[in-house]
Amino acid sequence: MGLRTVLFGRAKPVPPDLDALFALPSAAVTLRAALDFAPVGAGSVAFRAPEGRAFAEVEQDVRALLDADGGPKVESMRDDFGYTWLVVRGDPEDVAGLVTDLHAINSTLKDSGFGPTLLCSLVSFRDASGRQLAIVYLFKQGTFYPFAPQGPDKRDNVLELQVRDSVGSDLKWEPDLARWFAVWGAPGLGGS
């Protein structure tokens, strides 16, 4: 514990580790084996997009980067809270490819100076009965948490805890459950 923490009662924020996203493919294998949740081939990145030409150019760069190698198209959507979501869809069995695309989006935004506006990334899963699940990465915390919607304003907290406990050490989980915020209607959640 440093002097600053002692004097001011707060620690320096953990810098986001975008490479942490590359742990998701192994977590997806564990999730399928333990709870029978399969990836749906959709993921997204949420951030607060500033207005103006600079951001429009970065968004074009992201699209060009992913389109250059015949990769998936990137859809841009805005939610009711003013966040912009960049959504990528691909082969459900290629979680590594999806994560690589999400990492490219995140890195491009961060390298272009929009890192402080990044909120989260998520990868979506579904089980045979149709239950939806997202594994969410919080940029400002550098941690993951599960989000399991169970209707328009209800979530399955028991399933979320089962996911955390089943996937175990594959991911760095957010220890503060108060930070497991709901991402209702997030584009890409459940493949929608």
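The values are calculated or read from the model by the stated rules, or taken from the named source; none is laboratory data. Just so it is clear, the model here is predicted, and its values are computed rather than measured. Reconstructed Cβ throughout: ideal geometry from the backbone, glycine too, with neighbour counts over all protein chains shown. In case anyone asks, the SASA skips ligands and DNA or RNA and just uses the protein heavy atoms, side chains included. Shrake-Rupley method; radii C 1.70, N 1.55, O 1.52, S 1.80 Å.
Residues checked against (1) more than 17 Å from the chain's Cα centre (by Cα); (2) modelled with pLDDT of 60 or more:
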| position | (1), (2) |
| --- | --- |
| Thr5 | yes, no |
| Pro13 | yes, no |
| Ala23 | no, yes |
| Ala27 | no, yes |
| Ala34 | yes, yes |
| Gly43 | no, yes |
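Please verify whether Val88 is modelled with pLDDT of 90 or more, in a strand (DSSP E or B) and not aromatic (Phe, Trp, Tyr), treating the condition exactly as stated.
yes
Kindly establish whether Ser121 is under 14 Å from Asp19 (Cβ atoms) and surrounded by 19 or more Cβ atoms within 10 Å (Cβ to Cβ).
So Ser121 passes the test.
What number of residues within the range 99-108 satisfy the criterion of being open to solvent by less than 20 Å² (accessible area, probe 1.4 Å) and within 11 Å of the chain's Cα centre (by Cα)?
Total satisfying the criteria: 3.
Among the listed residues Asp165, Asp153, Asp170, which satisfies the condition of being charged (D, E, K, R), within 17 Å of the chain's Cα centre (by Cα) and more than 15 Å from Leu122 (Cβ to Cβ)?
Asp170
Okay, residues lined up against (1) within 22 Å of Asp17 (Cβ to Cβ); (2) touching a helix residue (DSSP H, G or I) at 6+ places or on another chain (Cβ under 8 Å); (3) among the β-branched types (Val, Ile, Thr); (4) open to solvent by less than 20 Å² (accessible area, probe 1.4 Å):
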position	(1), (2), (3), (4)
Glu93	no, no, no, no
Ala96	yes, yes, no, no
Lys110	yes, yes, no, no
Thr117	yes, yes, yes, no
Lys140	yes, no, no, no
Tyr145	yes, yes, no, yes
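Right, Gly71: farther than 16 Å from Pro146 by Cβ, modelled with pLDDT of 65 or more and surrounded by 15 or more Cβ atoms within 10 Å (Cβ to Cβ) or not?
Yes: the conditions hold for Gly71.
When you scan the range 176-187, do you find a residue that is within 18 Å of Ser26 (Cβ to Cβ), open to solvent by less than 70 Å² (accessible area, probe 1.4 Å) and in contact with a strand residue (DSSP E or B) (Cβ under 8 Å, 6 or more places away or on another chain), even just one?
Checking the range 176-187: not a single residue is within 18 Å of Ser26 (Cβ to Cβ), open to solvent by less than 70 Å² (accessible area, probe 1.4 Å) and in contact with a strand residue (DSSP E or B) (Cβ under 8 Å, 6 or more places away or on another chain).
Go through the range 124-138 residue by residue and tally those that are crowded, with 20+ Cβ neighbours inside 10 Å and among the small types (Gly, Ala, Ser).
Qualifying residue count for the region: 2.
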